[in-house]
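Structure record follows, encoded as structure tokens.
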Amino acid sequence: MVNIVYLLVFIPAICYGGTQVSKPFSFFEFGNHDFHSLRRVLKAAHENAPDISKEYSLKKKSVNGLDLAVIEFSKNPGKHIPGVPEFKYVGNMHGNEVVGREVLLALVSLLSENKDNDPRISWLIEHTRIHIMPSMNPDGYEMANGLKRDENGNKHWLKGRANANNVDLNRNFPKLNAIAYENERTGGKNNHMEPYQVALDTPGLQPETKAVMIWLHEIPFVLSSNLHGGDLVANYPYDATKDKSAHHYTKTPDDETFRFLAESYSLYHTEMAKKNRTPCDMSGDDLFPEGITNGANWYSVPGGMQDYNLLETNCFEITLELGCDKFPEPEKEEEYWHQNKEALINYMLQVHDGVKGIVTDAETGEPIRNASVKVYKVTSGGDDVKYINHDITTNKDGDYYRLLIDGKYKLEVVKEGYLPMEEFVEVQNKPMTEAVVRDFQLTPVNKNRDFQLTPVNKNMEPEDGDAVFDNRAYYGEYPAEEYDVDRLRELILRYFGRRYQ
């Protein structure tokens, strides 16, 4: 017998029957969900699939004391497993932009009810830890939801956008772009721009902002998107211009990867990348090629959540504008769901792009935290490499995840107190396939150990495959104190690299 619920999930509705709200899931129907009904949907989704889901709330509440509620889906809910990447969707950052809130509740229902029906969902839950927060700004939503619609059925364009303190949360994160741009100019650090506690002590941060910052610090997210409304485009970093102009294309070192990630959503959306669609402002100024835009090229947003993810954590985030109408009538929400469903699923799969692995101590086997993973792109022909000036760092379990598009790369892992290691890798991303695995075992430099070289006959010819070690300093052909320290470090790496690679 045909499963009617399953068919309703995957077959778009032919009509919506006036104001009738469709119910394609057993415990969810499209409509405006206030705080309490939102929580009921999350609770029902967990109860329907308790073995693969967990409800939780962020550690700080909204200004008015409402929980920032999250549900996660994974094979091991509630626990980070090294090698399993962490993904998140965040909706309703602006309280009056509700399409993201509603489609995420529909996605929650889809994940809960179709874990055994859709092979993509089964694979994602098996290999990913997925976190979904339908509303980052529940206070703003409650304000907007209480407003009457005008004669055209529209809500006020701005009321409810900010939180209860009238602060725009997408301008409220620490402004790290200026630090990043200066470091780029001077050769300074290219990630984790501020110590976590320093960032958290930034004056003026709202409780919702702090809640998300704590969340990002505690869970090693790899890929993310925050969902907005008012236009139709996938927006990628940087969001803030370098020259403080109103708009100017401002590339990240990972511009190619971010363009790919944005297109992995826009091209799977039923409308976003269409060339002949009607622009939201009716002037054509916001009709974006392929349905994507560099954020700063559209308009500069200092203090945004998207850039904060990139500059303070290991997480890549894009911003999704899901439609011209910020607060559509309830009967129109299912149409937005069908426009976004395939794109939402496909974008989650991209968390498995690139390379991942675990970095450990070669002697003890213990994980190494905060090692830097540097990436160099091998240029055409393979004769040269180009440094991608954005490192990521290993987590407390020593695991790392580096999103990359297809190509050949050199990875270099560096940690103070250890000899660096490097390895070449080819990335060929495929659907429902985990990232290439490259583990590293770093050799510690023990300053308390009397390290001696065994004298050898300097006339002895090396065997095939042996590393050639320069012993001229040992034999006194020039004073040891004048020996090139950088050259010695390079030779030590070559000598030990054979043993541990």
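The table below lists the values:
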| read-out | value |
| --- | --- |
| DSSP-loop trypsin sites (Lys or Arg not before Pro) across region 307-393, with at most 16 other Cβ within 10 angstrom | ARG369 |
| Vicinal HN-Hα couplings computed from phi for region 340-348 (Karplus, 6.51 cos²θ - 1.76 cosθ + 1.60; Hz; Gly/Pro x) | 9, 4, 5, 5, 4, 5, 4, 5, 4 |
| Under Karplus coefficients 6.51, -1.76 and 1.60, residue-wise ³J(HN,Hα) of region 193-201 in Hz, glycine/proline x | 5, 10, x, 3, 5, 4, 4, 5, 8 |
| Euclidean distance of C-alpha centroids, region 337-363 and region 88-160, integer Å | 20 Å |
| Efficiency of FRET from Cβ geometry, LYS430 and LYS244, R₀ 51 Å, rounded to 0.05 | 0.75 |
| For peptides 175-181, 60-66, 428-434, sequence by mean Cβ density within 10 Å, most packed first | 175-181, 60-66, 428-434 |
| For ASP384, solvent-accessible area (1.4 Å; no DNA, RNA or ligand), Å² | 90 Å² |
| Highest-first arrangement of 357-363, 397-403, 155-161, where packing means the average Cβ count within 10 Å | 397-403, 357-363, 155-161 |
| For q = 0.08, 0.17 Å⁻¹, Debye-computed log10 I/I(0) when each Cα of region 76-217 counts as one equal scatterer | -0.33, -1.07 |
| Hydrodynamic radius (Kirkwood) for region 286-387, which is based on Cα pairs only, to one decimal in Å | 18.4 Å |
| Among ASN309, TYR265, VAL373 - extreme Cα towards positive end, dipole of region 261-377, charges at beta-carbon | VAL373 |
| Cα→Cβ-extended label distance, 7 Å offset, between ALA178 and GLU366, nm | 4.0 nm |
| Debye log10 I(q)/I(0) for region 224-269, one point scatterer per Cα, at q = 0.17, 0.20 Å⁻¹ | -0.56, -0.76 |
| Inter-part distance where region 235-250 and region 400-415 are each reduced to a Cα centre, Å | 26 Å |
| Region 200-279, Rg to Rh (Cα coordinates; Rh as Kirkwood inverse mean 1/r) | 1.02 |
| Relative packing of peptides 348-355, 269-276 - highest average C-beta neighbours within 10 Å first | 348-355, 269-276 |
| Phi to ³J(HN,Hα) by Karplus 6.51 cos²θ - 1.76 cosθ + 1.60 over region 226-243, Hz, x for Gly, Pro | 10, 9, 10, x, x, 7, 9, 6, 9, 10, 10, x, 6, 9, 10, 6, 6, 8 |
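The values are calculated or read from the model by the stated rules, or taken from the named source; none is laboratory data. Note that the coordinates shown come from a computational prediction; the quantities given were computed from them, not determined experimentally. Counting neighbours? That spans all protein chains shown, and the Cβs are built from the backbone with ideal geometry, glycine included. Just the protein is used for accessible areas: all its heavy atoms, side chains included, with ligands, DNA and RNA removed. Shrake-Rupley method; radii C 1.70, N 1.55, O 1.52, S 1.80 Å.
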